1. With B:Asp97, B:Asp29 as the choices, which residue is farther than 16 Å from B:Asp5 by Cβ, surrounded by 13 or more Cβ atoms within 10 Å (Cβ to Cβ) and of a type in the set (Asp, Glu)?
2. Kindly indicate which of B:Glu60, B:Glu77, B:Glu87, B:Glu52 is out of contact with any helix residue (DSSP H, G or I) (no Cβ under 9 Å at 6 or more places or on another chain), within 14 Å of chain A (Cβ to nearest Cβ) and charged (D, E, K, R).
3. Inside segment A:1-56, can you point out the residues that are within 14 Å of chain B (Cβ to nearest Cβ), in contact (Cβ under 8 Å) with a residue 24 or more places away in the chain and not hydrophobic (A, V, I, L, M, F, W, C)?
4. What tally of residues in segment B:30-49 results from selecting those that are of a type in the set (Ser, Thr, Tyr) and either within 8 Å of chain A (Cβ to nearest Cβ) or within 10 Å of the chain's Cα centre (by Cα) (or both)?
5. Considering segment B:1-29 alone, what residues qualify as being within 7 Å of another protein chain (Cβ to nearest Cβ), closer than 12 Å to B:Lys73 by Cβ and charged (D, E, K, R)?
6. Mind listing whichever residues of segment B:57-82 are of a type in the set (Lys, Arg) and without any contact (Cβ under 8 Å) to a residue 12 or more places away in the chain?
7. Run A:Val130 past the list (1) surrounded by fewer than 19 Cβ atoms within 10 Å (Cβ to Cβ); (2) touching a residue at least 24 places away in the same chain (Cβ under 8 Å); (3) within 22 Å of A:Trp61 (Cα to Cα); (4) among the hydrophobic types (A, V, I, L, M, F, W, C) and report the number of the one that doesn't hold.
Amino acid sequence: MAITRTEAAAALSAIETTQRRGMTLRGYRLGGPILMLWSLIWATGYLTMGLAPPELWLPVWLALDVVGVAGALVLARAGKPAAAGAPPGMTWRLLGGSLSMMVFALSVFWVMKPTDPAAAMAFPGLLIGVIYAVVGFWAAPRYALIGGLMFGLTLVGYFLFQPWLPFWMAAASGALFLSGVWLWRR
Amino acid sequence: MATSDDVIHQPLRLKIMAALSAEKGQPLDFPRLKAITQATDGNLGSHLTTLEKAGYVAIEKDFVGKRPRTQAKLTPEGRKAFRAHVEYLRAVVEAADEEA
């Protein structure tokens, strides 16, 4: 059976769309457990901010970030079948991305010197929220919803529950955990 | 120029072949294949059977704990046929563009 140009172009487009959807769903499956891990890191970090003296905050967060990045690398490697076509250079992308975010956050604190601890606590939530939202709008729509949720929860905590902000942020990590489950189950 | 593969060219079977081809030899389980192709259970099952009969897809059934699991993957013949069909589609588009 001979087919027309229009039919051939439509078939090629269907192939591309299907493969892109498959890649997105594979990414969700890979990203879900990583998000769950980071929700635990966040809960631990914010509980530390709520319960421990300020001089412990930075070293604890730095240690937690190292654990989070290492854990994400392990999960990414474990979740990617060797031949399943995940993008190459995953390790470097994860390392580079995480390092960039950490350097950016530390630089902002260094330059802006926030005197209000609540502002310093809210900043990571807003940063992660906007990064997820951008990723979502460009590549994987579910991340836009998760980013929006994190952004919104951070603002609600900052404006309405400021005296209890670290505990609010630790509790909001539960939403991040559930978001990870939501991604992973696809 | 190669010819069209009528088994593959049916829209849902094309999507199934495209999804499995992207897995590079790894099997896909039924729910994920359903999500990727956006097919219904019945449709997906019947078209998978057609592809299996053509020798393009291998279906494996096993149990994860007590839950039955169905997985599908491309056979070497299926991979070759899909590649040839995609080349045919590209050739049709290119030939029409050159004529225009």
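The values are calculated or read from the model by the stated rules, or taken from the named source; none is laboratory data. Every value quoted in this text rests on a predicted model; they were computed, and no experiment measured them. Cβ atoms come from the backbone with ideal geometry, glycine included; neighbour counts cover every protein chain shown.
1. Working: B:Asp97 fails: surrounded by 13 or more Cβ atoms within 10 Å (Cβ to Cβ).
Just a single option satisfies the conditions, and that option is B:Asp29.
2. Numbers: B:Glu60 fails: within 14 Å of chain A (Cβ to nearest Cβ); B:Glu77 fails: within 14 Å of chain A (Cβ to nearest Cβ); B:Glu52 fails: within 14 Å of chain A (Cβ to nearest Cβ).
The match here is B:Glu87.
3. Correct list: A:Thr24, A:Arg26, A:Gly27, A:Tyr28, A:Arg29, A:Gly32.
4. First, the residues of segment B:30-49 that are of a type in the set (Ser, Thr, Tyr): B:37, B:40, B:46, B:49.
If we keep only those that are either within 8 Å of chain A (Cβ to nearest Cβ) or within 10 Å of the chain's Cα centre (by Cα) (or both) too, we end up with B:37.
Looking only at that region, the number is 1.
5. Correct list: B:Glu23, B:Lys24.
6. Of all residues in segment B:57-82, those of a type in the set (Lys, Arg) come to B:61, B:66-67, B:69, B:73, B:79-80.
Those that are of a type in the set (Lys, Arg) and without any contact (Cβ under 8 Å) to a residue 12 or more places away in the chain: B:Lys61, B:Lys66, B:Arg67, B:Lys80.
7. Unmet condition: (2).
Conditions tested, residue by residue: (1) modelled with pLDDT under 80; (2) within 18 Å of the chain's Cα centre (by Cα).
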residue: A:Pro81; (1), (2): yes, no
residue: A:Gly85; (1), (2): yes, no
residue: A:Ser100; (1), (2): no, yes
residue: A:Trp110; (1), (2): no, no
